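Peer 1: First the structure, which I've put down as structure tokens, then a few questions once you've had a look.
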Amino acid sequence: MLHTETTPPSPVKLSAGAGPGQPEPTPALEQLYRGFEQEMLVPLWTEIGGLMPAHPKSQALPHLWRWDHLLKLADEAGRIVPVGRGGERRAIALANPALGGRPFATPTLWAAIQYLMPGEDAPEHRHSQHAFRFVVEGEGVWTVVNGDSVRMSRGDFLPQGGWNWHAHHNAASQPMAWIDGLDIPFAYYTESQFFEHGRLQLEPHERVQPQFSRSERLWAHPGLRPVAHLEPTPATPLLAYRWVDTDRALSEQLALEAEGYAATVSPGHAAVRYTNPTNGRDVLPTIRCEMHRIQSGAATQPKREVGSAVFQVFDGQGLVTVGDKQWQVRRGDMFVVPSWQPFTARCDADQPQLDLFRFADTPIFEAVHAYRAETP
């Protein structure tokens, strides 16, 4: 039997209109465009303004999420929504208002508040997406990565390279919340995702609560490299970067500045970058993570760069400007800086400091030599 091939209606729609750089509208041009539509073709001359603009025009918008609102809704979810197979995590993602309702903070970055009730376990799984956890308040949850129990406390940064088994359990008597950051949108758009379920329950010996994880005992020694592990790894093998170390590093930068030494990004603005101890590069191949401290009354220099970033206010209060948006921010608040939008932050004069945790997709653009930054 002869099968006839049916062609679905073309999604390509072209219109011959007058305008700069466009050919003169004629019946012949209209006929040409119908042929393009039928063959699923789009000429560059009708699209160049959108495909190749003079500078990046992000699909995302600057947006602010208030921590007290996020925490309240996460607590309600904790009482209503169980943790287990299906959702796997009680993670509530930030949805940028310009990205069509998808759970994406930016076109490349996922950010979410995760909430675990007392005594709860989040089942084990692994995924190819790179991830981290950052704790803005609370303690008592332990994350178990490939059998290594890692304590989570306020100010701690816990990176999670892709395709590593991990689970969480809350050993405290109170709920605990933290933020998750992943490259889920990047993996989604590049169609490179893998996911695998692990065990529903942790073994009793994995529920231990050591002061320091095995990864910290091996890797958390500044300037010292274990000779048994000299090969570089794409993601950091250190599973916890403790707040006490981050705080000390920021404080010393500002102290050195006060003594007349060049130690800060700009006057009153200290910053550190979390790095992979095996190669000195970013902790994760697709995500750059930093902590910034702005002294009382000081401000960051205006800056815009290719790629997007998400910030969380760790402590203090201040005024943040992103593009044409301006917000007064306080502890826990989260906001987005889209690609090529100018950004500044100022610490309120009545506050000792403004601490900002930042994560961005910069390593992706550096890898393909597409990164650019400037001071407007």
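The values are calculated or read from the model by the stated rules, or taken from the named source; none is laboratory data. Keep in mind that what you see is a predicted model, and the values were worked out from it rather than measured. Note that we place each Cβ from the backbone using ideal geometry, even for glycine, and neighbour counts take in every protein chain shown. These area figures cover heavy atoms from the full protein model, side chains too; ligands, DNA and RNA do not enter into them. Shrake-Rupley method; radii C 1.70, N 1.55, O 1.52, S 1.80 Å.
Peer 1: Ordered by residue, what ³J(HN,Hα) values in Hz, to whole numbers, does region 236-247 give under the Karplus form 6.51 cos²θ - 1.76 cosθ + 1.60, where θ = phi - 60° and Gly and Pro are x?
Peer 2: Calculated HN-Hα couplings, in order: 4, x, 7, 8, 8, 10, 7, 4, 4, 6, 4, 4 Hz.
Peer 1: Ignoring solvent entirely, what values of log10 I(q)/I(0) come out of the Debye formula for region 274-337 at 0.13, 0.19, 0.25 Å⁻¹ when each Cα is a single scatterer?
Peer 2: Calculated log10 I(q)/I(0) at the listed q: -0.45, -0.88, -1.25.
Peer 1: Same structure, new question: By how many degrees, 0 to 90 and rounded to 10, does the Cα axis of helix 67-80 deviate from the longest principal axis of the chain?
Peer 2: It is inclined by approximately 90 degrees.
Peer 1: Whole percent per 20 Å bin, from 0 to the bin with the longest distance: what is P(r) over all C-alpha pairs of the chain?
Peer 2: 25, 51, 19, 4, 0
Peer 1: Please return the longest stretch of the chain lacking exposed loop sites, where GluC sites (Glu not before Pro) count only if DSSP places them in a loop and at most 10 other Cβ atoms lie within 10 Å.
Peer 2: 40-190
Peer 1: Any chance you could give the angle, 0 to 90 degrees and rounded to 10, that helix 27-38 forms with the longest Cα principal axis of the chain?
Peer 2: 50 degrees
Peer 1: Ignoring ligands, DNA and RNA, what percent of the 1.4 Å accessible area of the chain is carbon and sulfur?
Peer 2: After summing per-atom areas, the C and S share lands at 55 percent.
Peer 1: For K303, go through the lysines and keep the ones whose alpha-carbon is under 29 Å away, minus same-chain ones fewer than eight residues off.
Peer 2: Result set, ordered by chain and number: K57, K325.
Peer 1: Using a Gaussian network model of the chain whose springs link C-alpha atoms within less than 10 Å, name the residue from H229, H166, H63 with the highest mean-square fluctuation.
Peer 2: Of H229, H166, H63, the most mobile in the Gaussian network model is H229.
Peer 1: For the chain, what is the accessible area per residue in Å², given a 1.4 Å probe and the full set of protein chains?
Peer 2: 51 Å²
Peer 1: Report the chymotrypsin sites (Phe, Trp or Tyr not before Pro) located in region 203-276 that are in a DSSP loop and have at most 16 other Cβ atoms inside 10 Å of their Cβ, or state none.
Peer 2: Here the sparse-neighbourhood loop sites are F212, Y261.
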